[in-house]
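I have placed the structure first, in the form of structure tokens, so that the comments after it can refer back to it.
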Amino acid sequence: MPPATTAAPAYESTLGHPTFASVGFFFLIVLVTLIVTYWAARKTKTSSEYYAAGRSVSAAQNGLALAGDYMSAASFLGISGMVALKGYDGMIYATGWLMGWPALMFLVAEPLRNLGKFTFADVVAYRLRQGPVRIAAAVGGILTTIFYTIAQMVGSGSLIALMFGMPFVLAEVLVGAVMLLYVLFGGMLATTWVQIIKAVLLLCGVTVLTVLVLSHFGFSLPALYKAANDLYPAQHLLVPGDLTKSPVDAISLGLALMFGLLGLPHILMRFYTVPDAKAARVSVLYATGLIGYFYVIIPIVGFGAAVLLSVKGADGSLLAFGQEVIRSFDKGGNMAAPLLAEAMWGSAFLGFIAAVAFATILAVVAGLTLAGASAYSHDIYVSVIKKGRATEEEQVKAAKIATVVFGIVAVAMGIAFQGQNVAFMVGLAFAIAASANFPALLMSIVWKRFTTWGAVWSILVGAATSVGMIVLSKTVWVDLFHFEHAIFPMKNPAIFSMSAAFLAGIVASLLTPEPEAQSKFESEKLRTYLGIGAE
Amino acid sequence: MDTTARPADASKNATELIESPAFRALVKTRFAVSSVLLVLLFIGYYGYILLVATRPDVVARRLSDAPDAITNLGLVLGIGTLIFAWVLTAIYVVWANRSYDPEVERLKNQLKR
């Protein structure tokens, strides 16, 4: 079949052109979420309502919202594209994204809920000196959120440009403006409900897509695997490829994905929205189930796209491979799922999937903005500058100002990094979260002799080593700065930077004994384990 | 934070509770349960990654010799690892709901008296 390669650009799709369906679904989703925001705004007056939805969210609702926060557009579009183009490697990668959830449950979910108020810094600073710990924790929290946000904003601009044909800058401003409406007026309650709506839409959309794919293969998974394998015999889609070539690198990536979750401020913040530790626990089970289901069915969509997007001539001969069609729209494979939606059920379904992807971006950025803002307004302004003596009114005002500032910074950074390859920033956010935030959080919960300076050094060393090693690695040093050789040989530094953070925290704690913090540890246990005095 | 502000007899009760064998056992059991589950998670996930990284030939082995049966060990392990992680989470929740929570309630009531 010699003409196969030339046929790909001729593939007809409404992708990239605003259709009645895509614009209609988009406006419907925005309209519904804004109505929710209006409703939430009337219930959002106090700081506890603004940051934590008045602790009124049920376990099932929080489970959906957690899943919504975690199932970003990058994981939906990115992983399905990765499976379509690289096969089994995409499945290995997807697996790692779930593994943090059980660890979150076993190590921090309940103590976090019992000890904290609005942010993870509340827990780290619980029996230590507020000033230094809060400032260090806010640095870790803001670094994590800002890199995660930049990756989301830049990715969202290009995705919206690809799907709706909208200019990049307009897309950034639109995302920034709509999500600010959610956060500013509806606080955590609106952000939670936007997240729930999006999670339900996304899960339904991907489920329908999966069922449609499977219907082409007699609802047999092996038949789908066989079709993918037979269509691309040279690629060995069903066996491991380059992703796990270096075992140390693979383990380091696994550590960053697993423990990074335990240090993501926008995830940790959600545990304060439920009434108690039991609800926090059950919500993790819901979230793990939903996210696990998502990662089980996403590869089906990926393999399906690789097979079903192939173009056949009238005589049944193959004119273009599915992978070529996918690459002709986006080299990274991000458009595999939307294109498949169109091929299965026409442009209306594509419009629905595109609108859901847009809603996903809005919701995730809203959650990040609230988390980033609270690191400043709650940890620095209220706890350090006002020494915890701010009125409700001052607290909410500070939170709203920080929200607007963070939102503007997010849009500006998104525009500034336009066209850059920022995929590494998600990895960076997870590496910082795993190295700067998680070790300090865990040690503060379980280690009696942990001290103020132990916390500060652990956070700073974790942040500095993870950022430093990523800058010196191939992704930044060679690909971005165009130096010839990478100084740090691995893709993900977590295995070293996380160990360094634990070591720094232990050494600094042993060198600066803090009897006061030690004596509070025993009484803290009543709150950690029994929830006595929890807010 | 408010534990320090309590009247003297309440904080005496609190100290007694913290030092009581029942509370110590509660803390110890929770630590043991979560550690065991965490170790199982590590063995499951990092074992899977190491197997894929070091023995791709084993992962590529097909489950059946029939020419059409293409499913290999890796495809099953990939989905299996996801299900395993969820099952560990579910085990923790069942344990906590059945055995941890009632004990917490009992100890909290002790403090009130």
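The values are calculated or read from the model by the stated rules, or taken from the named source; none is laboratory data. This one's a predicted model, so the numbers in the text were calculated from it and none came from an experiment. In this analysis, Cβ positions are derived from the backbone assuming ideal geometry, glycine residues included, and neighbour counts consider all displayed protein chains. We work out accessible area using only protein heavy atoms, side chains counted, and drop any ligands, DNA or RNA first. Shrake-Rupley method; radii C 1.70, N 1.55, O 1.52, S 1.80 Å.
This table checks each residue for (1) more than 9 Å from chain A (Cβ to nearest Cβ); (2) farther than 30 Å from residue A:222 by Cα; (3) modelled with pLDDT of 90 or more; (4) open to solvent by less than 20 Å² (accessible area, probe 1.4 Å).
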{"site": "B:41", "(1), (2), (3), (4)": "no, no, yes, yes"}
{"site": "B:52", "(1), (2), (3), (4)": "no, no, yes, yes"}
{"site": "B:78", "(1), (2), (3), (4)": "no, no, yes, yes"}
{"site": "B:83", "(1), (2), (3), (4)": "no, no, yes, no"}
{"site": "B:93", "(1), (2), (3), (4)": "no, yes, yes, yes"}
{"site": "B:102", "(1), (2), (3), (4)": "yes, yes, yes, no"}
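Quick one: how many residues across the stretch A:233-264 are under 17 Å from residue B:54 (Cα atoms) and hydrophobic (A, V, I, L, M, F, W, C)?
Total meeting the criteria: 7.
Listed here are the residues, each with its yes/no results for (1) touching a Pro at 6+ places or on another chain (Cβ under 6 Å); (2) assigned to a helix (DSSP H, G or I); (3) open to solvent by less than 10 Å² (accessible area, probe 1.4 Å).
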position: A:328; (1), (2), (3): yes, yes, no
position: A:348; (1), (2), (3): no, yes, no
position: A:360; (1), (2), (3): no, yes, yes
position: A:365; (1), (2), (3): no, yes, yes
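Residue by residue through the stretch B:16-30, note down the ones that are more than 8 Å from chain A (Cβ to nearest Cβ) and either more than 23 Å from residue A:104 (Cα to Cα) or open to solvent by 100 Å² or more (accessible area, probe 1.4 Å) (or both).
Correct list: B:16, B:19, B:20, B:21, B:22, B:24, B:28.
Give me a count of the residues in the stretch A:37-60 that are touching a Ser or Thr at 6+ places or on another chain (Cβ under 7 Å) and either under 25 Å from residue A:400 (Cα atoms) or hydroxyl-bearing (Ser, Thr, Tyr) (or both).
Pass one, the stretch A:37-60, residues touching a Ser or Thr at 6+ places or on another chain (Cβ under 7 Å): A:50-55, A:57, A:59.
Imposing the further condition that a residue be either under 25 Å from residue A:400 (Cα atoms) or hydroxyl-bearing (Ser, Thr, Tyr) (or both) reduces the set to A:50-55, A:57.
Counting residues in the stretch A:37-60 that are touching a Ser or Thr at 6+ places or on another chain (Cβ under 7 Å) and either under 25 Å from residue A:400 (Cα atoms) or hydroxyl-bearing (Ser, Thr, Tyr) (or both) gives 7.
Quick check, is residue A:423 on the phi < 0 side of the Ramachandran plot, at pLDDT below 90, surrounded by fewer than 24 Cβ atoms within 10 Å (Cβ to Cβ) and out of contact with any helix residue (DSSP H, G or I) (no Cβ under 6 Å at 6 or more places or on another chain)?
When the stated conditions are applied, residue A:423 passes them.
Quick one: would you say residue A:238 is within 20 Å of residue B:82 (Cα to Cα), open to solvent by 30 Å² or more (accessible area, probe 1.4 Å) and not in a helix (DSSP H, G or I)? Let's see the steps before the verdict.
Numbers: within 20 Å of residue B:82 (Cα to Cα): yes; open to solvent by 30 Å² or more (accessible area, probe 1.4 Å): no; not in a helix (DSSP H, G or I): yes.
Spelling it out, it is not the case that residue A:238 is within 20 Å of residue B:82 (Cα to Cα), open to solvent by 30 Å² or more (accessible area, probe 1.4 Å) and not in a helix (DSSP H, G or I).
Which of (1) among the small types (Gly, Ala, Ser); (2) within 14 Å of chain B (Cβ to nearest Cβ); (3) closer than 24 Å to residue A:251 by Cα; (4) open to solvent by 20 Å² or more (accessible area, probe 1.4 Å) is the odd one out, the single condition residue A:60 does not satisfy?
Among (1) among the small types (Gly, Ala, Ser); (2) within 14 Å of chain B (Cβ to nearest Cβ); (3) closer than 24 Å to residue A:251 by Cα; (4) open to solvent by 20 Å² or more (accessible area, probe 1.4 Å), residue A:60 violates only (3).
Of the residues A:433, A:534, A:486, which is assigned to a loop (DSSP other than H, G, I, E, B), closer than 21 Å to residue A:104 by Cα and open to solvent by less than 70 Å² (accessible area, probe 1.4 Å)?
It is A:534.
Residue by residue, here is whether (1) out of contact with any Asp or Glu (no Cβ under 6 Å at 6 or more places or on another chain); (2) crowded, with 17+ Cβ neighbours inside 10 Å; (3) of a type in the set (A, V, I, L, M); (4) assigned to a loop (DSSP other than H, G, I, E, B) holds:
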residue	(1), (2), (3), (4)
A:194	yes, yes, yes, no
A:200	yes, no, yes, no
A:203	yes, yes, yes, no
A:218	yes, no, no, yes
A:229	yes, yes, no, no
A:248	yes, no, yes, no
A:252	yes, yes, no, no
A:269	yes, yes, yes, no
A:275	yes, no, no, yes
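In this structure, does residue A:147 turn out to be more than 27 Å from residue B:35 (Cα to Cα), assigned to a helix (DSSP H, G or I), open to solvent by 10 Å² or more (accessible area, probe 1.4 Å) and among the aromatic types (Phe, Trp, Tyr)?
Yes.
Only one of A:16, A:24, A:54 is surrounded by fewer than 23 Cβ atoms within 10 Å (Cβ to Cβ), in a helix (DSSP H, G or I), out of contact with any strand residue (DSSP E or B) (no Cβ under 8 Å at 6 or more places or on another chain) and on the phi > 0 side of the Ramachandran plot; which?
Answer to the check: A:54.
Which residues, taken from the stretch B:54-76, are of a type in the set (A, V, I, L, M) and at the interface with chain A (Cβ under 7 Å from one of its Cβ atoms)? So that I can check it myself, show each step before the final result.
Filtering the stretch B:54-76 down to residues of a type in the set (A, V, I, L, M) leaves B:58-60, B:63, B:66, B:69-70, B:73, B:75-76.
B:59, B:60, B:69, B:70, B:75, listed by residue number.
Test residue A:473 against the stated conditions and say whether it is at pLDDT 90 or above and more than 30 Å from residue B:111 (Cβ to Cβ).
Answer is no for this residue.
Condition first: more than 26 Å from the chain's Cα centre (by Cα), part of a helix (DSSP H, G or I), of a type in the set (S, T, N, Q) and surrounded by 15 or more Cβ atoms within 10 Å (Cβ to Cβ). Can you find one or more residues in the stretch A:396-407 that meet it?
no
Restricting the search to the stretch A:108-141, which residues are over 20 Å from the mean Cα position of the chain (by Cα), within 13 Å of another protein chain (Cβ to nearest Cβ), among the hydrophobic types (A, V, I, L, M, F, W, C) and assigned to a helix (DSSP H, G or I)?
Passing the criteria: A:115, A:123.
Looking at the stretch A:298-325 only, could you name the residues that are closer than 17 Å to residue A:339 by Cα, among the hydrophobic types (A, V, I, L, M, F, W, C) and out of contact with any strand residue (DSSP E or B) (no Cβ under 6 Å at 6 or more places or on another chain)?
Matches in the stretch A:298-325: A:298, A:300, A:301, A:303, A:305, A:306, A:307, A:308, A:309, A:321, A:325.
Right, residue A:296: in a helix (DSSP H, G or I) and without any contact (Cβ under 8 Å) to a residue 24 or more places away in the chain or not?
In short, yes.
Spot the failing condition for residue A:263; the list is (1) of a type outside the set (D, E, K, R); (2) buried (at least 24 other Cβ atoms within 10 Å of the Cβ); (3) assigned to a helix (DSSP H, G or I); (4) more than 9 Å from every other protein chain (Cβ to nearest Cβ), and only one is missed.
Condition not satisfied by residue A:263: (3).
Quick one: which residue in A:78, A:100 is over 30 Å from residue A:535 (Cα atoms), in contact (Cβ under 8 Å) with a residue 12 or more places away in the chain and of a type in the set (Gly, Ala, Ser)?
Just one listed residue meets the conditions, A:78.
Using the structure shown, decide if residue A:257 is within 14 Å of another protein chain (Cβ to nearest Cβ), open to solvent by less than 20 Å² (accessible area, probe 1.4 Å) and in contact (Cβ under 8 Å) with a residue 24 or more places away in the chain.
Values: within 14 Å of another protein chain (Cβ to nearest Cβ): yes; open to solvent by less than 20 Å² (accessible area, probe 1.4 Å): yes; in contact (Cβ under 8 Å) with a residue 24 or more places away in the chain: yes.
Criteria met by residue A:257.
Name the residue, out of B:94, B:104, B:52, that is in contact (Cβ under 8 Å) with a residue 12 or more places away in the chain, over 25 Å from residue A:229 (Cβ atoms) and not acidic (Asp, Glu).
The match here is B:104.
Looking at the stretch A:162-173, which of its residues are open to solvent by 10 Å² or more (accessible area, probe 1.4 Å), touching a residue at least 12 places away in the same chain (Cβ under 8 Å) and part of a helix (DSSP H, G or I)?
Passing the criteria: A:162, A:164, A:168, A:169, A:173.
Could you grab me the full set of residues in the stretch A:489-531 that are outside any helix (DSSP H, G or I), within 14 Å of chain B (Cβ to nearest Cβ) and either open to solvent by 40 Å² or more (accessible area, probe 1.4 Å) or more than 30 Å from residue A:280 (Cβ to Cβ) (or both)?
A:490, A:491
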